[in-house]
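Below: one structure, written as structure tokens.
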Amino acid sequence: MVVTTRSLDDRYGRVATDLRVSLTDRCNLRCSYCMPPEGLDWLPDEAVLSHDEVVRLVRIGTDLLGIQEVRFTGGEPLVRRGLVGLVGRTRAIDPALEISLTTNALGLSRQAQALADAGLDRVNVSLDTMRADTFAEITRRDRHRDVVDGLAAARAAGLGPVKINAVLLRGVNDDEAPALLRWAIAEGYDLRFIEQMPLDAQHNWSRESMITADEIFSRLEAEFDLTPASEPRGSAPAELFTVDGGPATVGVIASVTRPFCGDCDRVRLTADGQIRNCLFAREESDLRAALRGGATDEQIADRWVLAMAGKRAGHGIDDPTFLQPDRPMSAIGG
Ligand code: SF4
């Protein structure tokens, strides 16, 4: 039932319709650009929203606030128990809702079909390398095969287009861009390269060491002919290019060097029930307290609207006053 009475507008004319819901801050990998080898201090169980609470907030978002798309993320959302049931309950809210999952694909080979049957539309899988030893170096876990199997299971279950997000790290896998693209095209996956963002728990990110979109292009163009895709980009983060005349494409998400904040339509809900109007927001709005304090749907919606009004024009990474958020990516949700 869609009874939208208002929308999630900000002061710059943007309207959020894409809700990213983090289901946990935990992850079963330890990617070096995300967290230290020993992991982080995870949220206590009682701080994390229950399935009932997640479903209620998603329903408020869709019914009252114009949310049209929900992406479950983490941490690693597949480690959340009962994910299939949660997807099913989310699907029951609105048959037209776009529901997707951002995952590292560990264990996806066992769950892909059940997730598709429950109403999941598609997946985005993080995979930075085709070399098992490089995968183990980046993620500190020897699980490359599981990711490749998970991708194949997602494709077989119809969770497409299956998108792969790859981050290139200088001196680690930055020689792999053409090989990754060649493999993704052969397998029928949509590959997108993403500039690394300053969202690591260790605060080790540096602009100097980051592989920029320009470098990604020069590596790819050494082996492929790239042409800007004709379809309009809209609010999508990826700039799309057809490869060698198409139909295959490759995406480049230049979050740092070519920000797309002017077209942003995203809002994030953390696993502990905080609304973040931007990945790089310095403030959060506590919907969990409202939920658990007995607030009505209307009151929660009002608080959510207010949280969006304070969204800044952009991430400001280039601004001398830029401050990395206190929470790392794993606790915000990608
Ligand atoms: S940095 Fe913030 S405003 Fe920019 S695209 Fe990301 S979430 Fe949107």
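The values are calculated or read from the model by the stated rules, or taken from the named source; none is laboratory data. Just so it is clear, the structure is predicted and the values come from calculations on it, not from any experiment. Virtual Cβ from ideal backbone geometry, glycine too; neighbours counted across all protein chains shown.
Table: residues versus (1) loosely packed, with under 14 Cβ neighbours inside 10 Å; (2) assigned to a loop (DSSP other than H, G, I, E, B); (3) away from the ligand (no atom under 16 Å from the Cβ); (4) among the aliphatic types (A, V, I, L, M).
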| position | (1), (2), (3), (4) |
| --- | --- |
| Arg6 | yes, yes, yes, no |
| Tyr12 | yes, yes, no, no |
| Arg20 | no, no, no, no |
| Arg56 | no, no, yes, no |
| Ile67 | no, yes, no, yes |
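Inspect region 218-225 for any residue being closer than 26 Å to Asp18 by Cβ and either surrounded by fewer than 18 Cβ atoms within 10 Å (Cβ to Cβ) or under 22 Å from the mean Cα position of the chain (by Cα) (or both) and give the result as yes or no.
no
Looking at Ala271 and the list (1) without any contact (Cβ under 8 Å) to a residue 60 or more places away in the chain; (2) assigned to a loop (DSSP other than H, G, I, E, B), which single condition is not satisfied?
Of everything listed in (1) without any contact (Cβ under 8 Å) to a residue 60 or more places away in the chain; (2) assigned to a loop (DSSP other than H, G, I, E, B), Ala271 misses just condition (1).
Tell me, which residue of region 245-258 that is surrounded by 18 or more Cβ atoms within 10 Å (Cβ to Cβ) and assigned to a loop (DSSP other than H, G, I, E, B) is nearest to the ligand (Cβ to nearest atom)?
Per the criteria, the residue is Ser255.
Of the residues in region 101-114, how many are within 30 Å of Leu64 (Cβ to Cβ) and in contact with a Leu (Cβ under 7 Å, 6 or more places away or on another chain)?
2
Going through region 71-101 one residue at a time, which ones are under 13 Å from Ala116 (Cα atoms) and polar (S, T, N, Q)?
Correct list: Thr90, Ser100.
Considering only region 266-299, state which residues are under 16 Å from the mean Cα position of the chain (by Cα), within 20 Å of Thr17 (Cβ to Cβ), at pLDDT 95 or above and aliphatic (A, V, I, L, M).
Those that are under 16 Å from the mean Cα position of the chain (by Cα), within 20 Å of Thr17 (Cβ to Cβ), at pLDDT 95 or above and aliphatic (A, V, I, L, M): Val267, Leu269, Ile275.
Among the residues of region 28-79, what is the count of those that are within 19 Å of Asn124 (Cβ to Cβ) and modelled with pLDDT under 95?
So the count comes out to 7.
Name the residues in region 113-170 that are outside any strand (DSSP E or B) and hydroxyl-bearing (Ser, Thr, Tyr), would you?
Residues satisfying the conditions are Thr129, Thr134, Thr139.
So for region 270-292 (the condition being under 27 Å from Tyr12 (Cα atoms), within 16 Å of the ligand (Cβ to nearest atom) and surrounded by fewer than 17 Cβ atoms within 10 Å (Cβ to Cβ)), does at least one residue qualify?
yes
If you go through region 300-310 one residue at a time, do you hit one that is within 16 Å of the ligand (Cβ to nearest atom), modelled with pLDDT of 95 or more and not aliphatic (A, V, I, L, M)?
yes
Which one of Leu97, Leu49, Leu23 is within 25 Å of Val147 (Cβ to Cβ), out of contact with any Cys (no Cβ under 6 Å at 6 or more places or on another chain) and not small (Gly, Ala, Ser)?
Leu23
Going residue by residue through region 107-121, is there one that turns out to be charged (D, E, K, R), crowded, with 17+ Cβ neighbours inside 10 Å and under 18 Å from Leu269 (Cβ atoms)?
no
The rows are residues; the columns are (1) crowded, with 18+ Cβ neighbours inside 10 Å; (2) among the basic types (Lys, Arg); (3) within 29 Å of Ala313 (Cα to Cα).
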residue	(1), (2), (3)
Val15	no, no, yes
Thr24	yes, no, yes
Trp42	no, no, no
Glu46	no, no, no
Asp52	no, no, no
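So is Gly314 within 16 Å of the ligand (Cβ to nearest atom), in a loop (DSSP other than H, G, I, E, B) and of a type in the set (Gly, Ala, Ser) or not?
Yes.
Give the number of residues within region 306-324 that are in contact with a helix residue (DSSP H, G or I) (Cβ under 7 Å, 6 or more places away or on another chain) and buried (at least 16 other Cβ atoms within 10 Å of the Cβ).
2
Take the residues in region 230-244 that are under 30 Å from Thr17 (Cα atoms), buried (at least 17 other Cβ atoms within 10 Å of the Cβ) and of a type in the set (A, V, I, L, M); name whichever of them is nearest to the ligand (Cβ to nearest atom).
Ala238
So for region 93-100 (the condition being within 27 Å of Glu298 (Cα to Cα) and assigned to a helix (DSSP H, G or I)), does at least one residue qualify?
Within region 93-100 (the criterion being within 27 Å of Glu298 (Cα to Cα) and assigned to a helix (DSSP H, G or I)), the answer is yes, since at least one residue qualifies.
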